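The next block holds one structure in the form of structure tokens; read it before the comments.
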Amino acid sequence: MAGPGKQRMDMERKPFNMRWLQNNNDKPQKSQRLTDRTTPNGSPQTGRPSNLNRWLLVIAAIFLVIYIYNYFNNSNSSSNTSQRVELTYSDFYTQINEQNVKSATFIGSNDIQGDLKTPVKGATAYHVVQLPNGDPQLAQLLIKNGAVVAYQAPTDNSFWINLLIYILPWAFFIGIFFFLSRRATQGQQGIFSFGKSRAKLILEDRPSTTFADVAGVDESKYELQEVVEFLKTPQKFQRLGGKIPRGVLLVGPPGTGKTLLARAVAGEASVPFYSMSGSEFVEVLVGVGASRVRDLFDQAKKAAPSIIFIDEIDAVARQRGASINTNDEREQTLNQLLVEMDGFDSHQAVVVIGATNRPDGLDQALLRPGRFDRRVTVDRPDWNGRLAILKIHTRNVPLASDVELVGVARSTTGMVGADLANLVNEASLLAARRDLDKVNQRCFDEALDKILLGAERPLVLSEEDRNITAYHEGGHALTGLLSEGTDPVTKVTIVPRGQALGVTMYTPLDDRYNYSKDYLLAQVVTALGGRAAEQVVFNRITTGAENDLQRVTMIARQMVTRWGMSERLGTVSFSERQSPFLSGGDTGGPTTYSEETAEVIDEEVDRIVRTCYARAVELLTTHRPTLDRIAEELRRHETVDAKQLRAIMEKTGAVIASTQSAHSQNGTILAPPPPTPPPAPPALE
């Protein structure tokens, strides 16, 4: 009952101090696979001809029309020509003098055609070709001998028709030949273009994101602002002997804004900005990655001062020789990157910015001074940073008067910039679905519940299941209210959401970075409150506490093996310190202690869990009337907020712990994200 299925409690990742408790076993999610018809290159099939095929069809149709027109025109001309006699110029004069010419039509300055009164060679129509600079008295002579004379402009378009029929097809076929030849040449050149860099170039006249769009990571922003200032005014630093930093490595959990910071640098630097992903260096051909690295740095050097940004640099810069599954291509790419970063001319202002959330796997040669001189940690923001991030994401969102961004920021402990952007977007979508003019506080509340727990499920529970769930969640809430050092309880609900049948939410007073032994023991007690309530009320237990048991076992084991909180084992650590950017859990690595020590560790973990369980049973047995009242209110209203819980405690005479009373309750406090166990305290050096 202590959280949705598959929720692993990670002591290293997020300082969440709210617990959400589930009253059911984990159920696997079913996924649907969508199948689309795609072509071999991954694009969807549309069944439409390409543009080249369309143009070929159009040109072929034009040639067919011209051919048909020319065929019938020649046929008509042939039929007309067969009924017309060709006369020589002297024969034409003879016919004129014999007054046998009925009509004559002068076509241009060369042709004469018309009809004869008496057929000549079986035809009455004739055609005559005039001599150059023909007789100017010919027309008067025809009129004098009774012929009708007319004039007509030449209409011969045979030149253009011949051009279309005879020349254009050859031009078309020659063009097709050159087109195919060019495509073949490009295909051959494509084999050698693998080594070209695919970096996206952002010029100085196209800034899209600036430092004004970045919030919550002020320390990282200041570090990068100094780099930008050096690129703009290098003489300011060089006059005192300062040298340009070769590289800046951005390290942090996913979603904290590493890529956003790089975009802001591109917008602020006013210099060419080359952006490329680490995975784009590696191809199937050997040597391609090293060639792309050389090409990328050559382009950046020519455009200096400039910036190179390599996102997810761990894809190409992993530790060499760390695994038996070595990759020669990746190592060659890394070697070329090392050479390029250490081979800069001191007068060329080129800065490399890398981003990764796996700094532990990077090659040590890449992290030394002279390559990545600075290592900037982009960590999770505190509540002031979250407030600034919320203000940025709500700049274009109309907010109602009841929205308190300060309360939202304080309640979203552990959230990063990407989580807050998603929260604002979900709240806007909820307001739009309800046809609201502005986004109100209720939209933010429900959006956060939807993100953390999932959408409400219309489950119809039996009365027995509702009763067990109510007592289970009431046990979590009551042990939290009675225990010193726990975070204040803000809401208890038995409304099914996602895979959780019930949830108890705890809102921290402030961001926590260090955790005491008492706090961790109180976390174990409250997590076991649900199982203890089942034992006290029903004298039997259910399977709903599976996630509770996983969580308390992990906390207790880390108290013993990592933080030296066992009197029997003393201040000795039996585990290696993990990276704060990796997921928690057992890594499966070899242990560095004996079997006897492992048995002692198991005994200490069992002792801690049993002691805390006994404490939970004692609290619930002593305050049984309060537990019954909370369960009754949950069955009646399904959700009980902090104000109602306080009223129940006062009516039943239960004393609330001092840490609970220190928190102001208003019934509308947002619940933080699902908790993970506290991170390791900072090492004392």
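How many residues are under 28 Å from the mean Cα position of the chain (by Cα), under 25 Å from Glu268 (Cβ atoms) and of a type outside the set (Val, Ile, Thr) if we restrict to the range 293-322?
The qualifying residues number 8.
Within the range 397-421, can you find the residues that are hydrophobic (A, V, I, L, M, F, W, C) and assigned to a loop (DSSP other than H, G, I, E, B)?
Val397, Ala400, Val403, Met415, Val416
Listed residues Val352, Val406; which is of a type in the set (Val, Ile, Thr) and farther than 22 Å from Tyr506 by Cα?
Answer to the check: Val352.
State which residue is modelled with the lowest pLDDT when the search covers only the range 70-109 and only residues that are surrounded by 13 or more Cβ atoms within 10 Å (Cβ to Cβ) and of a type in the set (Phe, Trp, Tyr).
Among residues in the range 70-109 that are surrounded by 13 or more Cβ atoms within 10 Å (Cβ to Cβ) and of a type in the set (Phe, Trp, Tyr), the one modelled with the lowest pLDDT is Tyr89.
Have a look at Leu549, Leu509 and point out the one that is over 17 Å from Thr626 (Cα atoms), surrounded by fewer than 24 Cβ atoms within 10 Å (Cβ to Cβ) and modelled with pLDDT of 90 or more.
Of the residues listed, the single one that is over 17 Å from Thr626 (Cα atoms), surrounded by fewer than 24 Cβ atoms within 10 Å (Cβ to Cβ) and modelled with pLDDT of 90 or more is Leu549.
Have a look at Gly407, Gly454, Gly414, Gly385 and point out the one that is touching a residue at least 40 places away in the same chain (Cβ under 8 Å) and farther than 30 Å from Leu261 by Cβ.
Gly454
Scan the range 358-400 residue by residue and report those that are closer than 30 Å to Lys438 by Cβ and not hydrophobic (A, V, I, L, M, F, W, C).
Arg380, Pro381, Asp382, Asn384, Gly385, Arg386, Lys391, His393, Thr394, Arg395, Asn396, Pro398 - these are the residues of the range 358-400 that are closer than 30 Å to Lys438 by Cβ and not hydrophobic (A, V, I, L, M, F, W, C).
Can you name the condition, by its number, that Asp314 falls short on among (1) at pLDDT 80 or above; (2) more than 28 Å from Pro254 (Cβ to Cβ)?
(2)
Results for (1) assigned by TED's automatic domain parsing to the domain that holds Ile308; (2) β-branched (Val, Ile, Thr); (3) modelled with pLDDT under 85, shown as yes or no for each residue.
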{"position": "Phe211", "(1), (2), (3)": "yes, no, no"}
{"position": "Val227", "(1), (2), (3)": "yes, yes, yes"}
{"position": "Phe237", "(1), (2), (3)": "yes, no, yes"}
{"position": "Leu240", "(1), (2), (3)": "yes, no, yes"}
{"position": "Lys258", "(1), (2), (3)": "yes, no, no"}
{"position": "Arg263", "(1), (2), (3)": "yes, no, yes"}
{"position": "Glu268", "(1), (2), (3)": "yes, no, yes"}
{"position": "Pro272", "(1), (2), (3)": "yes, no, yes"}
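Looking at Ile656, Ile648, Ile601 in this structure, which one is under 45 Å from the mean Cα position of the chain (by Cα) and either of a type in the set (Gly, Ala, Ser) or at pLDDT 65 or above (or both)?
Going through Ile656, Ile648, Ile601 in turn, the sole match is Ile601.
Quick check: is even one residue across the range 321-339 modelled with pLDDT under 80, crowded, with 21+ Cβ neighbours inside 10 Å and outside any strand (DSSP E or B)?
Checking the range 321-339: not a single residue is modelled with pLDDT under 80, crowded, with 21+ Cβ neighbours inside 10 Å and outside any strand (DSSP E or B).
For the range 145-152, state whether one or more residues are closer than 29 Å to Lys102 by Cβ, β-branched (Val, Ile, Thr), modelled with pLDDT of 75 or more and outside any helix (DSSP H, G or I).
Looking through the range 145-152, at least one residue is closer than 29 Å to Lys102 by Cβ, β-branched (Val, Ile, Thr), modelled with pLDDT of 75 or more and outside any helix (DSSP H, G or I).
Look through the range 422-464, keep the residues that are outside any helix (DSSP H, G or I) and among the small types (Gly, Ala, Ser), and return whichever of them is surrounded by the fewest Cβ atoms within 10 Å (Cβ to Cβ).
Filtering the range 422-464 for residues that are outside any helix (DSSP H, G or I) and among the small types (Gly, Ala, Ser), the one surrounded by the fewest Cβ atoms within 10 Å (Cβ to Cβ) comes out as Ser462.
Spot the failing condition for Ala300; the list is (1) buried (at least 23 other Cβ atoms within 10 Å of the Cβ); (2) part of a helix (DSSP H, G or I); (3) of a type in the set (A, V, I, L, M, F, W, C); (4) modelled with pLDDT of 85 or more, and only one is missed.
Answer for Ala300: the failing condition is (4).
Collect the residues in the range 497-533 that are of a type in the set (Gly, Ala, Ser) and in contact (Cβ under 8 Å) with a residue 60 or more places away in the chain, keeping them in residue-number order.
Listed by number, the residues that qualify are Gly498, Ala500, Gly502, Ala527, Gly529, Gly530, Ala532, Ala533.
Looking at the range 632-653, I want the residues that are on the phi > 0 side of the Ramachandran plot and have a partner that is among the β-branched types (Val, Ile, Thr) and in a helix (DSSP H, G or I) with Cβ atoms under 9 Å, at least 6 apart or on another chain. Which pairs are those?
From residues that are on the phi > 0 side of the Ramachandran plot, the pairs are Gly653/Thr626.
The values are calculated or read from the model by the stated rules, or taken from the named source; none is laboratory data. Because the structure is a prediction, the values reported are computed rather than measured. Ideal geometry is used to build each Cβ from the backbone, glycine not excepted, and the neighbour counts take in all protein chains shown.
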